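What follows is one structure encoded as C-alpha cells, with my remarks underneath.
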Amino acid sequence: MLNTCISLFYKIWGYLFMGLYLVLLLGNQRAVGQCTYLSNTDFEDTQIAGSTFQIFNQSTGIISPWKTTASDGAQEVRRSGFNGIPSYAGNQFIELNANIAATTYQNFTAPGGTTFTLNFAHRGRNGTDVMNVSIGSPSPTSIASGTALTGTTYLNLGNFSDGNTAWGYYTVSFTLPTGVAGDAFSIRFTSVSATGGNTSFGNFLDAISIADLAPALSGSRSVTLTCPTTTTNLNSFTATNQPGGTIRTWHTGAVATNANKIADVTAVGPGTYYAAFYNSIKLCYGGTTAVTVNGPTGVPTAPTVVLTQPVCLLPTGTITVAAPLGANLTYSIDGTNYVSLPIFAGLASGTYAVRVRNGTSSLCTSSSTSATINAPLLSPAAPTASVTVQPSCTLATGTITITAPTGLGLTYSLDGSTYTNTTGGFTGLSPGIYSETVKNIAGCISPATSLTVNAQPPTPTVTLSSATICAGSSTTLTVGGCDGGIIKWGSGDNTISLLVTPVVTTVYSATCTAVSGCTATSSTTITVRPTPTYNEQPTINPATCLGAAANSDAHITLVKLENTERADIVAGGTYTGGPTYMAASNQLVSGGTSSFSNLPNPTTHQPYTIRLFGAAGTCFIDVLATLDPADCQCSGTACPQVSMNY
C-alpha cells in the first residue's frame, strides 16, 4: 500500500512537472523574436532627460554596451525631433562624432562560418557624412579614456554616405570567419568624414541589429494585384538561401516575432510583408526581406452619373451611370446591393451614393459619387416677355427680356434645350423667331411664348476706286454698292463718279444713304507723284572737226532739272521703243544735270528725244533736241567749236 502511494505521488508530480515545462515552453514560443546578437540596438534602454541632446562619458553606461574610441570618452544621444530630425526608430539615436571623430563599437559572440544580416540607419547632419562599417576582434569592455581599438579587422563592410534630408537604411549580409577564439567579434562604426570638415559633429546612427540570415527571394519582390483579384499567395516567392533546420515564415513587421507572424499566407491583400527564417533550434527568427503587394489596379473611378429629375407628371427620378462601363462591372446606389445594369429608375427624392465595383471585393469598389433626386414641382407659367431692343442700322442683334415668372432656381431658354440663363435677359440675338420657356429646379418646363427679332435694316457696302497719278493729271473716282441710295461726296457733289485733279496726295470720301436710312462711308487716297520739271532749253554742242572731218563727240546737256531721278535718250522725234526706267543705259541725274556725250555727227538735222524719269519711274516727260551736222570746211588740224542753243 505504501509503495502504491509513493508511486502515485511521483506520477502526480511527474505530470505536474511536465505540464509546467510545456507551459514554459509554449510561453517562450509566444515570446519568440529576432535572433539578434547585439544589445540596446536602438539606444533606447536608458531614456535621457529633456527633448534635445546630452553628451556624457561612456563610463556612465547610458548606451551600454556601446563603447567609443574618442579620447575624451564622450558619447552623444539625441532625442527624436530635435532640430527637426526624427529618429529612424524609437525615441533616441546617437551622433557618432560627439566632440571628435571616433569609432562606436559593441562586442558580440556569434558562430564563425555563419552568414548574418546587419541592419542599420545612417544620416548626415549638415550635409553628406561618410561612415565606415567593419567587423573586428573584440576590444576592451571598458575604455575610460578612449583607448584605441585593438585586435584584427576581419571584414570591411564598406563606406556608407548619406545626406541630411533623410535616413539611409542598409541591410548587409556577411559571413564571419572561422577559427576565431571564442567566436568573439566586435561591430565597429567609424567616422570617415563630415560635411564642412568639422569633426566635432556628424554621422547620425540608429536601428542597429545583427540577425541570422535574411531570405534571398528570387525574382521581383513586388506584386501588383489587378481587380477583380485582390489577394496573392506569398508561397509563390522562393528563397534561394534557406539554411538547413529552418522554416520560412511570413510576418507583418520588419522584425519577425511570433506576435506578427501570418498564419495563412495563401491569400493576403495589399501591404508590405516580411519573409524570415525561423531557427527551430534557437527558437528565434533571422533577418527579414520585404515583399510589397501593391494595388489592386483596375479599381473603377468614381462614377460619372446622369440624373433624370422628377417632373410635373412623373414624381420619380432616374440615375444613369455614364462611366465607367464594362461587362465585369456592377453598380450600386446603397453600397450593399450591386446590379449589372447601370440604370436606377423610379427613385424617390433623396441623396444616393453611387458606386461601381469590379468583382466582389471592397478593394475593387470605387469611391462614391453623390447624386440627389429632387422633389417634383409644378410647371411654371408661360413667360411674360418682350423684344426690348430690335436690330438697327448700327446694331445687328436684338434683346429679349423675360419679366415673369422670376424666382430662385428658375432658368430660362430660347430654344427649349439650353437652360443656363438665370436672369431672363437674352442679348446679342440674331434675327429670327424665338420660343421662350422657363424651367424650374425640378426640371419642369413652362409653355412657350413666341417672339420675333426683326432683321437688321440693310446697310450699304460702299467701295471707292483708288489711283496713283502724276502731278497735273486727272482721274475719275466711282462709288460702288450704293444702288438706289443717295450719294454725297465730301466735296458736296452727289454723282456716282467724280473727276478730280489733285495737286498733292489727297483723301476723298463718299457717303451712301440707303433706302433703309442706314448710311455707309468709304474713303480712298489718290496718291500724286511728282512729275519731272524742265523749263530750260537743252545745250547742244555739235561735233568738233579734225580738219575737214567731224569727230563723234557731239553732246546734249540739260540743267536745272527738278523731280528727276534718271534720264535716257533715243534718236528720233519720239521715245517709242526707248529704254525703260532702270535700263542699263539710264543716267542718274546729279545736281539737276544730265548730259549725253559722244553723240555721232549727223549728216543732216537729227532730232533726239530725251526722257526724264521721276522717282520710281511712274511719272516722266520727254524733251526734244535737234543736233545739226558740224561744218568742217576749215583747214588745219583744228576748227573752232560752236555751241548752239535751241
Response to the item:
Summed over the other residues with a beta carbon less than 13 angstrom from that of Pro383, with K and R at +1 and D and E at -1, the charge totals 0
Item to complete: Taking the Cα centre of the chain as origin, work out the dipole magnitude from +1 charges on Lys and Arg Cβ and -1 charges on Asp and Glu Cβ, in debye rounded to 20.
Response: 2380
Worksheet entry | For peptides 258-269, 204-215, 521-532, sequence by mean Cβ density within 10 Å, most packed first | 204-215, 521-532, 258-269
Discussion item. If R₀ is 25 angstrom, what is the calculated FRET efficiency for the pair Thr406 and Thr452, using the beta carbon separation as r and rounding to 0.05?
Written reply: 0.60
Fill in: Under 19 Å from the Cα of Lys282 - aspartates and glutamates, other chains or at least 8 residues apart
Asp183, Asp212
Worksheet item: Under a straight-distance cross-link criterion of Cα-Cα below 16 Å, which aspartates and glutamates are reachable from Lys67, leaving out those fewer than 8 residues away in the same chain?
Response: Asp42, Glu44, Asp45, Glu76, Glu95, Asp206
Discussion item. Which of Arg123, Arg357 has the fewest other C-beta atoms within 10 Å, and how do the rest follow up to the most?
Written reply: Arg357, Arg123
Fill in: Equivalent ellipsoid semi-axes - Cα gyration tensor, region 462-511, angstrom
21, 10, 8
Worksheet item: Taking only C-alpha pairs under 8 Å that are 6+ residues apart, what is the relative contact order of the chain in percent?
Response: 7
Worksheet item: For a label point 7 angstrom out from the Cα of Leu378 toward its Cβ, which stretches of region 402-434 have the backbone nitrogen within less than 20 Å?
Response: 403-412
Practice prompt. Over the residues of region 384-453, compute the C-alpha Rg and express it relative to 2.2 N^0.38 Å.
Written response: 1.08
Worksheet item: Can you give the FRET efficiency for Glu562 and Ser386, using 1/(1 + (r/R0)^6), R0 = 51 Å, r = Cβ-Cβ distance, to the nearest 0.05?
Response: 0.10
Worksheet item: Stretch Thr266-Thr394 to full length: gain in nm at 0.36 nm per residue minus the Cα-Cα span?
Response: 38.0 nm
Discussion item. Viscosity 0.890 mPa s, temperature 25 °C: what is the translational diffusion coefficient of the chain from Stokes-Einstein with a Kirkwood Rh over Cα pairs, rounded to a whole number of µm²/s?
Written reply: 63
Worksheet item: Expressed in nm to one decimal, what extension gain is obtained for the pair Thr109 and Thr229 from 0.36 nm per residue of sequence separation less their Cα-Cα distance?
Response: 38.5 nm
Discussion item. Going by amide H atoms built from the backbone, whose H comes under 5 Å of the H on Thr626, apart from near neighbours?
Written reply: Tyr608
Discussion item. Taking the number of other C-beta atoms within 10 Å as the exposure measure, put Tyr154, Tyr412 in order starting with the fewest.
Written reply: Tyr154, Tyr412
Worksheet item: From the residues Ser392, Gly168, Ala211, which one has its Cα farthest along the dipole of the chain in the positive direction, the dipole being from +1 and -1 charges on Cβ of Lys/Arg and Asp/Glu about the Cα centre?
Response: Ala211
Response to the item:
If each K or R counts +1 and each D or E counts -1, the residues other than Gly416 whose Cβ falls under 15 Å of its Cβ total -1
Response to the item:
So the angle from the long Cα axis of helix 2-30 to the longest Cα principal axis of the chain, reported in degrees to the nearest 10, equals 10
Worksheet entry | Translational diffusion coefficient (Stokes-Einstein; Kirkwood radius from C-alpha pairs) of region 304-373 at 10 °C, 1.306 mPa s, in µm²/s | 129
Worksheet item: Along the Cα-to-Cβ line of Thr580, 7 Å from the Cα, sits a label point; which residues in region 595-630 have backbone N less than 19 Å from it?
Response: 611-622
Discussion item. Restricting to DSSP H runs of at least four residues, report the calculated mean residue ellipticity at 222 nm for the chain, -39500 (n - 2.57) per run over all residues, nearest 500 deg cm²/dmol.
Written reply: -1500 deg cm²/dmol
Discussion item. Let's test the formula: R0 of 41 Å, r as the Cβ-Cβ distance of Asn40 and Ala353. What FRET efficiency results, to the nearest 0.05?
Written reply: 0.20
Discussion item. For a quick check: sort Lys282, Lys439 by the number of other beta carbons within 10 angstrom, fewest at the front.
Written reply: Lys282, Lys439
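Quick note: the coordinates plus some simple rules give every number you see, no bench work behind them. Not measured: the values here are computed from a predicted model. Note that each Cβ is placed from the backbone with ideal geometry, even for glycine, and that neighbours are counted across all protein chains shown.
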